[in-house]
Every structure is written in structure tokens, then in C-alpha cells.
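Okay, so here's the structure we're looking at.
The values are calculated or read from the model by the stated rules, or taken from the named source; none is laboratory data. From a predicted model like this one, the values you see are computed outputs, not experimental measurements. For neighbour counting, all protein chains shown are included, and Cβ atoms are generated from backbone atoms with ideal geometry for every residue, glycine included. Calculation scope for accessible area: heavy atoms of the full protein, side chains included, ligands and nucleic acids excluded. Shrake-Rupley method; radii C 1.70, N 1.55, O 1.52, S 1.80 Å.
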Amino acid sequence: MFYKNLFMSLFAFLIVFSGGLGLKENTASASQVDPDTTYSYERLTKDIKVLAERYPEAITYKSIGTSPYGRELWAVKVGSGDKNILVNGSHHAREWLTSTLNMKMVEEYAKAYSNNTTINGFQVRTLLNDVAIWFVPMVNPDGVTLQQQGLNAMPSSIHNDLIRMNDGMRDFTRWKANAKGEDLNRQYPADWENIKYSSGKPYYKDFKGYYPMQAKEARHLASFTYETGPRSTVAYHSAGQIVYWYFSQTGEQYDRDKRVADNISLITGYKPVSPQPNPSGGGYTDWFVDEFKRVGLTIEIGAYPGQRHLPTSAFDQAWNKNKIVPLRMAENAR
């Protein structure tokens with residue numbers, strides 16, 4: 001009995017002692033964003049709320065509007081700087097791995113901000129106290145939900161329309177548009193009239209709309225861009241491992257934007273796209289470059305997987321290549 005009591009006393013002491021040394025599990029450091037899962041709108045919403053509660057000093061968030069079928073377009077701010085940059089993902093439904101990437105950036109930057117630690121040499125708290133980063137991780141929540149979950153996730157009243165826009169198929173894996181059949185990244189008023197290869201009618205991909213800013217989601221993001229006035233913007237897409245940066249810039253603006261694109265190319269290993277004489281417009285960063293005369297990059301994070309989403313196995317490489325890109329853009333904006 002003596003040895004049993006001695007053992008129990010020692011066991012209790014070790015529990016208290018290890019807790020005092022901080023050896024017990026630190027739930028605040030446990031990873032919330034899971035890159036190995038199909039990253040849904042529901043998971044996104046949950047993660048934003050959990051991370052905002054976990055890192056209140058670093059994160060604020062709000063809805064910038066709702067989709068046609070009532071899903072919130074969430075915007076998440078990391079840092080407190082008066083200046084900002086804006087990063088977004090999932091303009092296209094099947095490109096939802098970019099939402100995972102956005103949210104992993106939110107989590108890791110907020111963690112470093114709260115703990116006052118560095119990421120690849122960046123003093124995160126100091127930087128983001130000067131230039132905050134706004135993320136809109138899922139611009140197209142209806143389209144993402146349809147692509148991932150199929151017809152049952154959408155109102156029954158539109159099932160026939162969706163099937164028709166999908167060439168009669170009930171498999172929506174290839175779906176790229178929003179749930180109205182509008183390609184959100186062809187909706188912005190940047191030489192919209194001359195966009196190439198529009199389907200001409202609502203479709204699973206490439207329909208530029210009947211007029212620019214027809215889609216609610218594009219209007220919400222454009223309004224939020226005017227509201228925040230970012231120093232630069234990065235729109236993440238998922239296929240090509242390239243960096244788009246050019247939209248008819250000239251002179252000093254061209255030289256500045258090319259320097260930034262070349263630098264991001266060095267960081268990611270992605271090739272900057274050479275300027276074309278008549279770039280097809282309508283994209284978010286086309287509009288941003290034209291409207292704000294500031295740097296706008298569209299970054300494609302993976303090898304082209306065909307008309308489908310990137311596998312979750314592609315995440316680690318995309319993360320390693322892109323994890324400091326917004327930090328570099330924020331540093332450039334100081």
C-alpha cells in the first residue's frame with residue numbers, strides 16, 4: 001500500500017509539474033485547416049469562426065454579401081495595418097483547393113502574429129501591423145458546393161436548369177461556373193466586350209454573362225475591393241503553374257508590375273506569362289490592374305488535372321511554393 005500511495009503521489013506530481021512546464025497538449029496550436037479533406041463551404045465557415053475565436057488579436061472577419069442561393073462570401077482580415085492587400089480563391093467551382101490554400105495562410109499567419117514568430121524570415125506581427133491581408137477564400141460558394149456535392153445540395157427548382165447547362169450530365173465534377181452558369185472570372189469590366197471563347201449562354205464554363213457585373217459574386221468582390229482599396233491583389237486559380245500579371249500596362253506601371261511578377265516567379269517557380277498583344281479581359285485582376293493601376297497577379301497553383309479539381313495530394317507542393325507570397329506582396333506595399 002505504501003508503494004501504491006507513493007506511486008500515485010508521484011504520478012499526480014508529474015501531471016502538475018508537466019503542466020507547469022507547458023508540456024501538456026496545447027490545443028491552441030493544433031491545426032484547424034485540414035488540407036487532406038474536400039474543402040467545402042461548410043468547412044470554410046466553421047474554420048473561419050474557430051480561428052477567429054482562437055486568434056482574436058489577429059483575425060477579424062465579415063460577410064461581404066451573399067451568393068444567389070444564400071451562401072456568405074466571407075472576408076477574413078489578418079493583421080491591423082491601415083494599408084492592405086487582398087487575396088482571393090475559388091472564382092471557379094472546381095478550383096476549391098485555392099480556398100484551402102487561402103485558409104491555411106490565414107491560420108499560419110494568425111498563429112505567427114499571435115505568437116510573434118517568423119515565417120521564412122518575415123516578422124509577421126510587425127509586417128501585418130503595417131499592411132494587413134484581407135482574404136476572400138471562396139468567391140463562388142454555390143459553384144463549389146454544386147461541384148463537390150451535386151444536385152442534392154441545390155434547390156430542386158433549378159435541377160433541370162443545372163443539368164441542361166451541364167450538357168445533360170448529372171456528374172458535376174467538371175463544373176467551373178457559379179450556379180447560374182456564369183463564369184465569375186469573365187464578369188469584370190475590363191475589355192469585357194472582346195472576351196474570347198464565351199459559350200454565349202449559361203453553361204458549366206466560360207459564359208461571360210450578358211453584361212459585366214451580372215453575377216452577384218463579382219459585384220460583391222468588386223465593391224469590397226473599392227471599399228478596402230488594396231495596394232495589390234492576388235487571385236488564386238488552380239491549373240497551369242503560371243503567373244498572369246499583364247493587362248496592357250505601359251511605361252513605369254509595366255516595369256513595376258513585371259518586377260513584382262518576376263520576383264513571385266522566383267519564389268514559386270511558376271513561369272510568368274509573356275505579354276500578349278490583345279489579352280482576353282474580364283478577369284478580376286485584369287479589372288484591378290486597369291481600374292486601380294496597381295499590381296494584380298493571377299496565380300495558377302497546380303499542374304492541369306483535366307476538367308476537374310486538383311487532388312488534395314497537390315496541396316503540400318502548392319503550400320510550399322506559395323506560403324510566403326502574400327507576405328512578400330504585403331512587404332512590397334509598405
Check your understanding: Quick one: Cα centre-to-centre distance for region 162-217 and region 48-62, in angstrom?
Key -> 33
Exercise for review: Would you mind checking Lys62/Lys196; Lys271/Lys323; Lys77/Lys201; Lys49/Lys208; Lys77/Lys216; Lys271/Lys293 for any pair whose Cα atoms are more than 27 angstrom apart?
Suggested key: Lys62/Lys196; Lys77/Lys201; Lys49/Lys208
Practice item. Grab the beta carbon distance between Asn129 and Gln214, set R0 = 30 Å, and tell me the FRET efficiency rounded to 0.05. Key: 0.20
Study note, to complete from the structure: Of the accessible area of region 218-334, computed with a 1.4 Å probe and all protein chains kept, carbon and sulfur make up a percent value of 45
Exercise for review: Any aspartates and glutamates with Cα under 13 Å of the Lys83 Cα? List them, leaving off those in the same chain fewer than 8 positions away.
Suggested key: Asp130, Glu227, Glu331
Study note, to complete from the structure: Taking a label point 7 Å from the Cα of Tyr254 along Cα-to-Cβ, the residues of region 264-305 whose backbone nitrogen sits under 15 Å from it are 274-279
**Study point:** FRET efficiency for Asn278 and Ala30, using Cβ-Cβ distance with R0 set to 45 Å, rounded to 0.05
**Key:** 0.35
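Whenever you get a sec, compute what percent of the accessible area on region 33-158 sits on carbon and sulfur atoms (1.4 Å probe).
41
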Practice item. Check cross-link reach from Lys176 to the aspartates and glutamates: straight Cα distance under 12 Å, and skip same-chain residues fewer than eight apart. Key: Glu95, Asp142, Asp206
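Over all pairs of distinct alpha carbons, what does the Kirkwood formula give as the hydrodynamic radius of region 51-190, in Å?
Radius from the Kirkwood sum: 16.4 Å.
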Exercise for review: Evaluate the Kirkwood expression for the hydrodynamic radius of the chain, namely the inverse of the mean inverse distance over all pairs of different C-alpha atoms, and round to one decimal in Å.
Suggested key: 20.9
Revision key, fill the gap. Residue-normalised 222 nm signal for the chain, counting each DSSP H run of n ≥ 4 as -39,500 (n - 2.57), nearest 500 deg cm²/dmol, is -12000 deg cm²/dmol
Review point. Rule-of-thumb check for region 250-334: C-alpha Rg over 2.2 N^0.38 Å?
Key: 1.19
Revision key, fill the gap. accessible surface per residue for the chain, probe 1.4 Å, DNA/RNA/ligands not counted, whole Å² -> 45
Review point. Percent relative contact order of the chain, based on C-alpha pairs within less than 8 angstrom and at least six residues apart?
Key: 19
Revision key, fill the gap. With all protein chains in place and a 1.4 Å probe, Phe288 shows an accessible area in Å² (nearest 10) of 0
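Please check the chain for the longest run free of GluC sites (Glu not before Pro) that are loop-located per DSSP (anything but H, G, I, E, B) and have at most 12 other Cβ atoms within 10 Å.
Longest run free of exposed loop sites: 58-334.
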